[in-house]
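Inspection log for the structure reproduced underneath, given as structure tokens.
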Amino acid sequence: MKLLLCSDLHLGRTPARLPEPWRRQARTVHAWDAIIEAALREKVNAVILGGDIVDADNGFWEALDPLETGVSKLGEAGIQVIAVAGNHDAVVLPRLSAFLPPDTYTLLGAQGLWEELVLSENGAPALRLHGWSFPRTHWDGDPLEDFQSAAHDGLPALGIVHGDLGASASRYAPLSLARLQAQPVTAWLLGHIHAPRLHGGNPWVLMPGSPQPLDPSETEAHHAWITELENGALTTPRPIAPATLRYATLQIPLNADTPPGEDVIRETVMRHLEGFNCDRAVLRLRFTGEVRDPTLLQACIQHLTDWEPGGNAVIEKIENQTRPPFDPAACRQLGGIHALLADLIEKDTPEALRQRLQDLHARILRQSEFDGKGLDTPPLPDPRPHAERLLAEILETGT
Ligand SMILES: [Mn+2]
């Protein structure tokens with residue numbers, strides 16, 4: 001028996017920060033289509049959905065058609081669909097479920113009551129599913145408080161629950177990994193957190209992540225998963241149906257002695273892109289390290305802003321976290337706060353404090369924080385406000 005596992009489809013949502021021409025192709029409904037294709041291709045027995053299938057409780061009409069079409073297609077191939085509701089679709093998924101073919105589709109655990117379903121293979125019971133659905137948008141308790149697994153019949157069991165793993169004070173069904181793994185089940189399928197994460201062990205616990213990333217912070221490779229029932233156990237899930245969209249933050253360290261070379265930066269970006277293997281990438285560039293001449297970097301950044309690397313990627317944002325190089329001799333010549341800082345940094349200062357002093361010096365030199373739009377040439381600052389701030393910071397560290 002083969003199962004396709006996924007959660008957090010968020011049908012109805014368009015991933016954030018996309019250029020206009022991409023918005024249509026990157027709708028989450030296409031990730032749903034890809035999952036159905038993969039389920040048919042892999043000839044799975046069931047598709048199991050861990051909640052937040054629909055993005056919002058007012059998304060009934062947006063989700064109805066894709067769900068009806070997808071579930072019917074799977075049903076025609078003899079593939080079951082089993083779902084639990086998450087916090088985003090606590091109200092709408094039970095409503096939608098009434099419109100889906102009951103011989104193919106089952107919503108488990110409505111109203112926050114654990115519910116079982118046994119899947120058969122070749123006419124014999126093969127796998128027990130335990131599911132719990134969000135009864136409303138918020139749920140403060142751990143759903144496992146009411147969980148009981150009928151382990152006595154010897155069938156392998158898969159638990160399905162949407163909740164906030166490791167966040168004990170969460171208002172979205174807080175779940176504890178230790179508590180999940182203490183239950184007599186074979187494996188857990190969760191939902192809620194968009195970053196995919198597989199916790200090994202027995203039972204393994206899968207947070208499948210959204211099959212398509214939805215936000216620039218979701219920088220991992222996203223996909224659905226497949227597991228197989230073998231000798232009474234569920235195999236370690238493997239990725240299937242990779243997302244066609246990828247968000248990434250590329251860290252680009254610069255060196256004060258080598259001015260930022262645009263060609264080198266472009267090459268670095270292209271090398272990263274090759275490893276992604278996706279149709280579209282939304283990139284954030286983050287420059288770090290030391291820069292002696294910020295005007296050079298500024299010119300470079302301006303050229304990169306509208307660049308579309310490889311024709312299938314865009315630069316969504318450029319973050320500049322560089323700082324001017326620390327030059328003790330020049331600092332002493334400037335006198336005042338600069339000389340004081342040079343002395344402090346060069347003395348036998350603990351590393352952590354040295355770092356802070358150096359950061360502070362960089363801020364003083366720069367005076368204004370660079371926000372990706374422009375860079376001031378380092379001015380000679382009025383030392384007084386900085387001296388006050390430095391004193392405050394040093395007092396704060398207690399050193
Ligand atoms: Mn959720």
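Brief remarks follow.
Let's see how each residue does on (1) within 18 Å of Ala173 (Cα to Cα); (2) of a type in the set (S, T, N, Q); (3) within 16 Å of the ligand (Cβ to nearest atom):
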| residue | (1), (2), (3) |
| --- | --- |
| Asn87 | yes, yes, yes |
| Leu93 | yes, no, yes |
| Leu96 | no, no, no |
| Thr106 | no, yes, no |
| Leu113 | yes, no, no |
| Asn122 | no, yes, no |
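- Residues that are within 16 Å of the ligand (Cβ to nearest atom) and either on the phi > 0 side of the Ramachandran plot or not basic (Lys, Arg) (or both), drawn from segment 186-204: Trp188, Leu189, Leu190, Gly191, His192, Ile193, His194, Ala195, Pro196
- Residues that are more than 16 Å from the ligand (Cβ to nearest atom) and of a type in the set (Asp, Glu) within segment 152-180 comprise just one, Asp153.
- Search result, residues across segment 249-297 that are assigned to a strand (DSSP E or B), among the charged types (D, E, K, R) and under 30 Å from His30 (Cβ atoms): Arg280, Arg284, Arg286
- Take the conditions (1) closer than 27 Å to Arg17 by Cα; (2) modelled with pLDDT of 95 or more; (3) not basic (Lys, Arg); Pro216 misses just one of them, which is (2).
- Among the conditions (1) crowded, with 21+ Cβ neighbours inside 10 Å; (2) within 23 Å of Asn87 (Cβ to Cβ); (3) not acidic (Asp, Glu), Leu234 misses just one, which is (2).
- One residue from Phe287, Phe326 being aromatic (Phe, Trp, Tyr) and modelled with pLDDT of 85 or more: Phe287
- Applying the criterion of being free of Cβ contacts under 8 Å to residues at least 12 places away in the same chain and loosely packed, with under 12 Cβ neighbours inside 10 Å to the residues of segment 265-301, the residue that is farthest from Glu218 (Cα to Cα) is Glu267.
- Scanning segment 123-145 for residues that are hydrophobic (A, V, I, L, M, F, W, C), more than 12 Å from Ala187 (Cα to Cα) and buried (at least 19 other Cβ atoms within 10 Å of the Cβ) yields Trp132, Phe134, Trp139, Leu144.
- Extreme residue, nearest to Asp8 (Cα to Cα), among residues of segment 78-122 that are surrounded by 14 or more Cβ atoms within 10 Å (Cβ to Cβ) and small (Gly, Ala, Ser): Gly86
- Tally, over segment 41-70, of residues that are within 12 Å of the ligand (Cβ to nearest atom), surrounded by fewer than 24 Cβ atoms within 10 Å (Cβ to Cβ) and not hydrophobic (A, V, I, L, M, F, W, C): 1
- From the list Gln183, Gln148, Gln212, the lone residue that is surrounded by 13 or more Cβ atoms within 10 Å (Cβ to Cβ), over 20 Å from the mean Cα position of the chain (by Cα) and more than 14 Å from the ligand (Cβ to nearest atom) is Gln183.
- Candidates in segment 168-180 are the residues that are out of contact with any His (no Cβ under 7 Å at 6 or more places or on another chain) and outside any helix (DSSP H, G or I); of these, the one that is surrounded by the fewest Cβ atoms within 10 Å (Cβ to Cβ) is Ala169.
The values are calculated or read from the model by the stated rules, or taken from the named source; none is laboratory data. Quick caveat: nothing in here was measured; it's all calculated off a predicted structure. Virtual Cβ from ideal backbone geometry, glycine too; neighbours counted across all protein chains shown.
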